[in-house]
Amino acid sequence: MPPSATPPSFGTLALRWYRLNQGRLRATAIGIAALIAFLLVWHLLTTYRVVFFVRFTNVPSPLAVYASFTKAMHDPKFLMHILLSCRRIFIGFSLAAIIGVPLGLIMGRFKLVHEIIFPVAEVLRPIPAIAWVPMAIMLWPTNEQSIVFITFLGSFFPILVNTLHGMSLVDPVLVRAAQCLGARERSIFREVYFPASLPHIFTGLTVGMGVAWVSLIAAEMISGQYGIGYFTWEAYSLVQYADIALGMIAIGVLGLGSSLLIRGAGQLVMPWRAK
Amino acid sequence: MSDIAAKEPQGHIEVRNFSLSYDGIEGPVQAVTDTQIHVKPGEFVSIVGPSGCGKSTLLNAVAGFLKPTTGIVTVDGERVNGPSAERGMVFQQYSLFPWKTVRENVEFGLKMRGMPRSQRERAARTLLGLAGLEAFEKHYPEKLSGGMKQRVGIVRALATGPKVLLLDEPFGALDAQTRVIMQQILTNMWQRLKISVLFVTHDIDEAIFLSDRVYCMTARPGSIKAEIPIPLERPRQQSMMMSSEFLALRRGLMSLIREESLKAMGGEINDMGMQGLNIELHGHSLVEVL
Ligand SMILES: Nc1ncnc2c1ncn2[C@@H]1O[C@H](COP(=O)(O)OP(=O)(O)OP(=O)(O)O)[C@@H](O)[C@H]1O
Ligand SMILES: [Mg+2]
């Protein structure tokens with residue numbers, strides 16, 4: 001450290017901090033401003049009941065939605081809807097990850113497994129999870145199980161495909177490096193293939209989580225009795241327009257929260273990719 | 001440290017009646033043919049030759065990644081049939097594990113051998129200290145310069161105390177100054193550990209400066225065109241590269257390689273159908289044209 005005459009004053013430190021974080025501060029400020037502008041436009045469109053191609057006549061205003069939000073917060077039924085949806089996501093997504101990731105790793109490593117499973121996966125993959133709803137209802141004895149199954153299906157394929165992709169991109173020179181340091185098949189799998197595929201595995205988990213929510217909401221709307229998707233659909237049937245928007249926002253927030261969780265987990269598991 | 005400071009030089013590489021061909025669409029591609037080389041225990045030997053002549057192929061066969069089509073590769077009398085920690089390798093591409101810190105990379109071979117964590121940590125620190133890298137032990141490779149990555153790569157390959165070290169153009173991607181430093185570091189480590197080194201390069205100065213002996217290969221299909229002993233005394237100084245002895249060796253090797261490179265290029269230019277340029281590009285005449 002150079003022998004500086006005086007320690008930097010609070011002012012200079014604050015200025016330095018500002019310079020370092022200028023970009024992020026700017027992005028945050030603009031983001032907040034944009035959100036406020038969105039709310040304002042929404043407010044104006046609904047209070048003046050604008051009809052311009054689309055009709056805002058029955059759309060609830062932000063204040064009405066806020067009112068139904070405070071009411072819902074004290075309503076155990078609303079919280080139960082949310083909790084149930086989260087549980088379905090948790091089970092369906094976890095199963096998809098627990099099966100999809102190892103299966104992808106094994107398919108990437110053993111040609112025969114790949115040759116057997118890949119064609120089947122390719123045929124099933126383009127079928128949207130929602131198209132599975134009637135089949136799922138036939139397959140599973142309870143409604144709950146069929147909804148979880150739909151959620152599982154939605155997230156399974158993105159996870160499998162991305163894991164496979166990650167495996168196919170593993171740099172062969174790293175495998176060779178491990179081999180001539182004395183690594184055997186098992187160690188190479190654990191120490192090279194798996195960590196090398198992790199970034200793609202996490203891409204798969206992120207995409208899978210998004211599709212899991214899409215599939216869940218659709219399944220709940222069609223066949224559910226509980227859950228945030230059902231809540232939103234029910235609100236429409238009961239002409240509770242403010243609750244429609246509330247349900248939508250809740251779904252958005254939950255989806256955002258779960259993908260943030262995955263991103264956080266990714267940063268924990270892959271410290272070498274931290275910025 | 002005891003296991004890396006060898007008592008008696010080991011690592012006698014012998015390659016006999018070696019040839020290797022790859023399977024191509026149009027039948028087998030002969031990469032290396034009728035090749036004999038050897039590296040005595042503790043010797044530093046380089047292989048130079050025109051691009052595509054089969055240097056990497058030969059080295060990969062010694063490492064055990066490729067099986068010879070004919071012939072045999074042995075180290076200390078034992079036949080090579082697969083990669084092993086006895087033969088350390090440094091690759092031209094950076095091959096550190098990005099998900100491991102510098103120290104974890106160096107520890108890798110010891111971990112594979114089942115050495116307990118505390119012991120291998122200590123060993124890795126000592127080695128990193130020797131290479132002047134102790135300050136970077138906790139860094140991930142991504143944060144290192146190219147020269148440092150290769151230095152870690154060399155340390156990692158040496159950590160398990162291999163009998164031989166194989167290097168495939170390890171400094172090819174580095175700038176001139178870094179190269180010189182890396183050559184010095186490699187020489188120091190080699191002299192300290194007394195292991196055999198087989199070094200592939202296309203840089204003639206590098207080959208002469210580092211080696212006890214240089215093999216020059218022919219254009220593809222590669223075989224040994226010449227074997228040149230380098231009688232320069234050790235320790236070698238950078239200033240020696242101006243000596244008449246060095247320059248004479250350089251001239252000799254240069255003309256050998258030039259001949260082969262032109263042969264290789266002549267083939268390629270013909271392949272590309274450039275005869276329409278009204279220049280006789282077949283074999284010898286190309287040599288005259290250039
Ligand atoms: N997997 C492969 N399949 C078919 N041909 C190959 C394969 N690998 C290398 N070859 C061919 O074999 C020849 C020798 O390749 P090799 O990589 O050993 O050459 P090299 O001397 O190391 O070249 P360079 O100086 O460019 O590194 C080349 O002509 C190359 O095209
Ligand atoms: Mg090569």
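The values are calculated or read from the model by the stated rules, or taken from the named source; none is laboratory data. As the structure is a prediction and not an experimental result, all values here were calculated from the model. Glycine gets a Cβ as well: all are built from the backbone with ideal geometry, and neighbour counts include every protein chain shown. Side chains are part of the model used for accessible areas, which takes the heavy atoms of the whole protein and leaves out ligands, DNA and RNA. Shrake-Rupley method; radii C 1.70, N 1.55, O 1.52, S 1.80 Å.
Can you work out which of the residues in the range B:140-155 that are within 14 Å of chain A (Cβ to nearest Cβ) and touching a Lys or Arg at 6+ places or on another chain (Cβ under 9 Å) is most open to solvent (accessible area, probe 1.4 Å)?
Initially, the range B:140-155 is screened for residues within 14 Å of chain A (Cβ to nearest Cβ), giving B:140-144, B:149-150, B:152-155.
Keeping just the survivors that are touching a Lys or Arg at 6+ places or on another chain (Cβ under 9 Å) gives B:140-142, B:144.
Values: B:Tyr140: 48, B:Pro141: 8, B:Glu142: 135, B:Leu144: 14 Å².
For the range B:140-155, the residue satisfying everything is B:Glu142.
Going by what's in this entry, would A:Leu160 be described as within 14 Å of chain B (Cβ to nearest Cβ) and modelled with pLDDT of 95 or more?
Working: within 14 Å of chain B (Cβ to nearest Cβ): no; modelled with pLDDT of 95 or more: yes.
When the stated conditions are applied, A:Leu160 does not pass them.
Restricting attention to the range B:37-46, does a residue exist that is surrounded by fewer than 24 Cβ atoms within 10 Å (Cβ to Cβ), at pLDDT 95 or above and over 24 Å from B:Gly153 (Cβ atoms)?
Yes, some residue in the range B:37-46 is surrounded by fewer than 24 Cβ atoms within 10 Å (Cβ to Cβ), at pLDDT 95 or above and over 24 Å from B:Gly153 (Cβ atoms).
Looking at (1) surrounded by fewer than 23 Cβ atoms within 10 Å (Cβ to Cβ); (2) touching a residue at least 12 places away in the same chain (Cβ under 8 Å); (3) under 24 Å from A:Leu174 (Cα atoms); (4) away from ligand 2 (no atom under 16 Å from the Cβ), find the lone condition where B:Leu66 falls short.
(4)
Select from the range A:179-191 the residues that are assigned to a helix (DSSP H, G or I) and at the interface with another protein chain (Cβ under 7 Å from one of its Cβ atoms) and list them in ascending order.
Residues of the range A:179-191 assigned to a helix (DSSP H, G or I): A:179, A:185-191.
Correct list: A:Gln179, A:Ser187.
Taking the range B:1-30 as the search range and keeping residues that are open to solvent by less than 20 Å² (accessible area, probe 1.4 Å) and modelled with pLDDT of 95 or more, which one is farthest from ligand 1 (Cβ to nearest atom)?
Our first condition is that a residue be open to solvent by less than 20 Å² (accessible area, probe 1.4 Å); within the range B:1-30, this holds for B:4, B:11, B:13, B:15, B:18-20.
From what is left, the residues that are modelled with pLDDT of 95 or more are B:13, B:15, B:18-20.
Values: B:Ile13: 17, B:Val15: 14, B:Phe18: 13, B:Ser19: 12, B:Leu20: 9 Å.
Residue satisfying both the conditions and the ranking: B:Ile13.
Considering only residues of the range B:125-139 that are small (Gly, Ala, Ser) and assigned to a helix (DSSP H, G or I), which is nearest to the other protein chains (Cβ to nearest Cβ)? Spell out how you get there, then give the answer.
Taking the range B:125-139 first, the residues small (Gly, Ala, Ser) are B:129, B:131-132, B:135.
From what is left, the residues that are assigned to a helix (DSSP H, G or I) are B:129, B:135.
Numbers: B:Gly129: 20, B:Ala135: 16 Å.
The extreme case among them is B:Ala135.
Of the conditions (1) of a type in the set (Gly, Ala, Ser); (2) surrounded by 18 or more Cβ atoms within 10 Å (Cβ to Cβ); (3) farther than 30 Å from B:Gln30 by Cβ, B:Gly132 fails just one. Which one is it?
Every condition holds for B:Gly132 apart from (2).
Could you please let me know if B:Pro116 is more than 16 Å from ligand 1 (Cβ to nearest atom), closer than 30 Å to B:Ala135 by Cβ and away from chain A (no Cβ under 14 Å)?
Numbers: more than 16 Å from ligand 1 (Cβ to nearest atom): yes; closer than 30 Å to B:Ala135 by Cβ: yes; away from chain A (no Cβ under 14 Å): yes.
Judged against the criteria, B:Pro116 is a match.
Filter the range B:43-88 for residues that are within 15 Å of ligand 1 (Cβ to nearest atom), of a type outside the set (A, V, I, L, M) and part of a loop (DSSP other than H, G, I, E, B) and give the result.
Of everything in the range B:43-88, those that are within 15 Å of ligand 1 (Cβ to nearest atom), of a type outside the set (A, V, I, L, M) and part of a loop (DSSP other than H, G, I, E, B) turn out to be B:Gly49, B:Pro50, B:Ser51, B:Gly52, B:Cys53, B:Gly54, B:Phe65, B:Lys67, B:Pro68, B:Thr69.
Take the residues in the range B:31-42 that are among the β-branched types (Val, Ile, Thr) and over 28 Å from A:Arg184 (Cβ atoms); name whichever of them is nearest to ligand 1 (Cβ to nearest atom).
Result: B:Val32.
Output the residue which, of all residues in the range B:89-100 that are assigned to a loop (DSSP other than H, G, I, E, B) and within 12 Å of the chain's Cα centre (by Cα), is farthest from ligand 1 (Cβ to nearest atom). Outline the logic, then answer.
Pass one, the range B:89-100, residues assigned to a loop (DSSP other than H, G, I, E, B): B:91-100.
Now drop any that are not within 12 Å of the chain's Cα centre (by Cα), which leaves B:91-92.
Working: B:Phe91: 11, B:Gln92: 7 Å.
Of everything passing the filter in the range B:89-100, B:Phe91 is farthest from ligand 1 (Cβ to nearest atom).
Since B:Ile230 meets every condition but one in (1) loosely packed, with under 15 Cβ neighbours inside 10 Å; (2) touching a helix residue (DSSP H, G or I) at 6+ places or on another chain (Cβ under 9 Å); (3) aliphatic (A, V, I, L, M), which condition does it not meet?
Failed condition: (1).
Please specify each residue of the range A:173-197 satisfying the condition of being charged (D, E, K, R) and either surrounded by 19 or more Cβ atoms within 10 Å (Cβ to Cβ) or within 19 Å of B:Tyr94 (Cα to Cα) (or both). Full working, then the answer.
Going through the range A:173-197, the residues charged (D, E, K, R) turn out to be A:176, A:184-186, A:190-191.
Result: A:Arg176, A:Glu191.
Somewhere in the range A:168-180, is a residue closer than 20 Å to A:Gly257 by Cα and within 25 Å of the chain's Cα centre (by Cα)?
Kept after step one, since they are closer than 20 Å to A:Gly257 by Cα, are these residues of the range A:168-180: none.
The answer is no, given that none of the residues of the range A:168-180 is closer than 20 Å to A:Gly257 by Cα and within 25 Å of the chain's Cα centre (by Cα).
Pick from B:Phe91, B:Phe171: which is open to solvent by less than 20 Å² (accessible area, probe 1.4 Å), within 16 Å of ligand 2 (Cβ to nearest atom) and over 19 Å from B:Gly64 (Cβ atoms)? Before you say what the answer is, go through the steps one by one.
On the way: B:Phe91 fails: over 19 Å from B:Gly64 (Cβ atoms).
One residue alone meets the criteria, B:Phe171.
Tell me, which residue of the range B:70-88 that is open to solvent by less than 50 Å² (accessible area, probe 1.4 Å) and among the hydroxyl-bearing types (Ser, Thr, Tyr) is farthest from the other protein chains (Cβ to nearest Cβ)?
Out of the qualifying residues, it is B:Thr74.
Any idea which of (1) at pLDDT below 95; (2) open to solvent by less than 30 Å² (accessible area, probe 1.4 Å); (3) within 16 Å of ligand 1 (Cβ to nearest atom) is the one B:Leu158 doesn't satisfy?
Result: B:Leu158 fails condition (3) only.
Quick test for you: out of B:Ala157, B:Ala219, B:Ala176, B:Ala226, pick the one residue that is more than 16 Å from ligand 2 (Cβ to nearest atom) and in contact with a Cys (Cβ under 6 Å, 6 or more places away or on another chain). Before the answer, list the steps.
Values: B:Ala157 fails: in contact with a Cys (Cβ under 6 Å, 6 or more places away or on another chain); B:Ala219 fails: more than 16 Å from ligand 2 (Cβ to nearest atom); B:Ala176 fails: in contact with a Cys (Cβ under 6 Å, 6 or more places away or on another chain).
Sole residue among the options that is more than 16 Å from ligand 2 (Cβ to nearest atom) and in contact with a Cys (Cβ under 6 Å, 6 or more places away or on another chain): B:Ala226.
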